[in-house]
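The values are calculated or read from the model by the stated rules, or taken from the named source; none is laboratory data. On a predicted model such as this, the values are computed, not experimentally measured, just so you know. With ideal geometry, Cβ positions are generated from the backbone for all residues, glycine too; neighbour counts draw on all protein chains shown.
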Amino acid sequence: MPDNNVYNNLQSAACRGSALLLLAATISPLAVAQGGAGDERIREAQPSQSVKDVLREEHALFSRRLTIEPGISYSYSDRSELGLSGFLALDAIFLGNISVDNVESHTTTFDLTARYGITDRLEVQLAIPYVYRNSRYETGGAGGNPDAPVDATVEQGRLGDVSAGVYYRVLPEAEVRPDVVWNLSVRAPTGKHPYDIRTTTIDRGDGELENLTVPKDLPSGNGVWGVSTGLSFLKTVDPAIIFANVGYTHNIERSFDDISSGEEAVPGDVNLGDTISLGFGTAFALNQRFSLSMSLSHQHSFETKITSGGREQEVIGSGANAASVNFGATYGLTDSTSIVTNVGVGMTDDAPDFTLDFRVPFQM
């Protein structure tokens with residue numbers, strides 16, 4: 001009987017051990033598979049530094065971290081106007097005086113932008129610019145003498161218009177749809193407005209007034225409150241990223257004590273024309289830290305209307321169409337600091353001839 005009990009106990013232990021081994025063999029592959037899938041999801045949630053740079057500059061990053069982005073941008077524009085005083089003979093020969101007016105504008109903007117991702121779908125932004133402008137005015141044929149050109153330079157630097165905005169992810173990117181972000185921003189008239197700037201006429205020094213009139217000061221802002229809204233779209237097509245945006249800016253009408261460039265103050269209301277903007281482009285992440293981009297941007301501004309003395313009138317020539325082609329590059333120095341450069345070439349007369357942007361965003 002003892003031998004039979006020992007044998008039965010050994011047989012029961014062997015059965016229990018086999019069951020445990022079978023259960024372990026069944027559970028282990030499932031646990032390994034779940035752990036592998038979790039690691040893969042973590043890897044997919046961490047895009048490369050070059051992709052992050054493209055998202056931050058062209059869309060929104062939603063990183064849940066504070067990003068500080070100091071930057072400097074420079075733009076140059078050159079406009080020439082030909083003034084004719086006379087008549088055309090035989091449809092080919094002009095008889096009279098010719099005056100050539102040329103304006104060269106150099107604008108340098110130092111700005112500090114702060115972004116913070118509150119959630120993975122909500123981000124806020126604040127931008128503070130400082131604008132330095134240098135404009136050179138030149139005219140030929142002054143006083144009827146084409147050999148006596150007159151020129152003058154005006155420069156000024158001061159705070160620009162401060163803006164604040166919010167970005168909200170409406171739809172996350174999926175296999176068949178892009179990532180869609182809605183934005184809303186407000187621009188405050190903290191800069192110098194252009195509606196009461198006095199002008200002066202250049203005197204050559206011999207008592208003869210010339211035909212060159214220049215402003216005594218230069219503006220650094222629009223002078224009115226502005227509200228902007230729009231949508232941006234982004235789709236990843238490895239190794240490229242395709243993006244597009246559309247926006248609308250409404251400028252709120254404002255009253256001023258003086259809107260004249262003369263010595264006498266003239267009060268009035270300024271209804272700055274609204275603006276429609278759109279753009280699209282693509283970026284290529286060449287490796288983990290370096291990317292290249294190219295895009296086209298267009299902005300159409302409607303005419304400005306001024307009300308003075310109870311009568312509203314449209315400012316002739318105040319509407320504008322500005323289109324430019326942009327080429328950019330980003331390089332990630334570290335996981336939290338990057339260098340962003342962009343070069344723009346104007347395609348229309350209302351766009352700057354040349355723009356250059358240089359930014360160094362870093363996350364804290």
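Things worth noting here:
- In summary, residue 317 fulfils each of the numbered conditions (1) more than 18 Å from the chain's Cα centre (by Cα); (2) of a type outside the set (A, V, I, L, M, F, W, C); (3) at pLDDT 90 or above with the single exception of condition (3).
- Filter result for residue 246 (part of a strand (DSSP E or B) and more than 23 Å from residue 325 (Cβ to Cβ)): no
- Members of the stretch 292-328 that are surrounded by fewer than 16 Cβ atoms within 10 Å (Cβ to Cβ) and under 24 Å from residue 53 (Cβ atoms): 292, 294, 296, 325, 327
- Single match in 162, 100 (criterion: modelled with pLDDT under 95, in the same structural domain as residue 200 (by TED's automatic domain parsing) and surrounded by fewer than 18 Cβ atoms within 10 Å (Cβ to Cβ)): 100
- For the stretch 103-149, a residue qualifies if it is within 18 Å of the chain's Cα centre (by Cα), within 19 Å of residue 186 (Cα to Cα) and either at pLDDT below 90 or of a type in the set (A, V, I, L, M, F, W, C) (or both), and the qualifying residues are 112, 114, 124, 126, 127, 128, 131.
- Any chance residue 190 is exposed (fewer than 15 other Cβ atoms within 10 Å of the Cβ), closer than 24 Å to residue 262 by Cα and among the β-branched types (Val, Ile, Thr): no
- Extreme residue, nearest to residue 101 (Cα to Cα), among residues of the stretch 224-243 that are outside any strand (DSSP E or B) and modelled with pLDDT under 90: 239
- Meets criteria (modelled with pLDDT under 90 and either within 29 Å of the chain's Cα centre (by Cα) or outside the structural domain of residue 340 (by TED's automatic domain parsing) (or both)) for residue 284: yes
So that you can scan it fast, the table gives a plain yes or no per residue for (1) among the acidic types (Asp, Glu); (2) closer than 30 Å to residue 61 by Cβ; (3) not in a strand (DSSP E or B):
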{"position": "177", "(1), (2), (3)": "no, yes, yes"}
{"position": "194", "(1), (2), (3)": "no, no, yes"}
{"position": "197", "(1), (2), (3)": "no, no, yes"}
{"position": "213", "(1), (2), (3)": "no, no, no"}
{"position": "221", "(1), (2), (3)": "no, yes, yes"}
{"position": "265", "(1), (2), (3)": "no, no, yes"}
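- The conditions of being over 24 Å from the mean Cα position of the chain (by Cα), free of Cβ contacts under 8 Å to residues at least 24 places away in the same chain and surrounded by 14 or more Cβ atoms within 10 Å (Cβ to Cβ) are not met by residue 266.
- When residue 334 is tested against (1) in a loop (DSSP other than H, G, I, E, B); (2) within 29 Å of residue 105 (Cα to Cα); (3) among the hydroxyl-bearing types (Ser, Thr, Tyr), just one condition goes unmet, and that condition is (2).
- Number of residues in the stretch 182-198 that are of a type in the set (Val, Ile, Thr) and either outside the structural domain of residue 110 (by TED's automatic domain parsing) or modelled with pLDDT of 95 or more (or both) equals 2.
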